[in-house]
Amino acid sequence: MNAGSYPASPRADFLGALAWIAFGALIVVMSWQMDRFAAQGATPHTYPGLWPGLVGGMLAALGGILALRSLGRARSAGWQAGESDDTEIVAPSRFALGAGLFFVYALLLVGRGLPFWLGTALFVTAFVFLFQRAQRTADGRAARGIVVALVCGGATAAAVTVVFEQLFLVRLP
């Protein structure tokens, strides 16, 4: 489904970039201010603010890249120039399905008595299966879609559980 062209001016991109830079910087500052639990023997790679700070830094860096891109476009075409965008827009039903799956995962599967690894495996399996179902059915590979979804769910659950429990020393529900 192609919803048509959406002109994006360099000015709009630049203002969006400034917002992402500010948001990323705010995350970095707040992460830096978090307690590091050094008195309890925490190591630098287990500080609670480390990973949010890295994500905030990445958001700010990507905002900087967007700002540079918009400045380049403004230099060549002017601040008000728009461009066509032929990006496929996601159908509202697919968005609702994704949002629904995220809410089920966050509100019902994790922290409600179900082990984290099992909730994560169920979520990823359902997500992959439901979002690839139409394509796999059209290709005549519906059975393979179930196997791929199960492998993705199991591998993701195992990897996330091992990384958080062994590397970050986080006890998962």
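Each reported figure results from applying straightforward, stated rules to the coordinates on display, with no laboratory input. Just so it is clear, the model here is predicted, and its values are computed rather than measured. Using ideal geometry, Cβ is built from the backbone for each residue, glycine included, and neighbour counts are taken over all protein chains shown.
Computed quantities for the displayed model
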{"quantity": "Calculated [θ] (222 nm, deg cm²/dmol) that DSSP helices of n ≥ 4 give over the chain, each run adding -39,500 (n - 2.57)", "calculated": "-22000 deg cm²/dmol"}
{"quantity": "Neighbour cut-off at most 15 other Cβ (10 Å), DSSP loop, trypsin sites (Lys or Arg not before Pro), the range 81-173", "calculated": "Arg112, Arg141, Arg171"}
{"quantity": "Estimated Rh, the range 9-54: Kirkwood, alpha-carbon pairs, angstrom", "calculated": "12.1 Å"}
{"quantity": "The chain: DSSP helices with Cα axial extent of at least 20 Å and average Kyte-Doolittle hydropathy no lower than 1.0", "calculated": "10-33, 142-162"}
{"quantity": "Where only alpha carbons of the range 35-133 are counted, the Rg and the Dmax (Å)", "calculated": "21.0, 58"}
{"quantity": "Taking all pairs of distinct alpha-carbon atoms in the range 92-167, Kirkwood radius in angstrom", "calculated": "13.1 Å"}
{"quantity": "Under the Debye formula (equal points on every Cα, no solvent term), log10 I(q)/I(0) of the chain at q = 0.08, 0.10, 0.12 Å⁻¹", "calculated": "-0.43, -0.66, -0.90"}
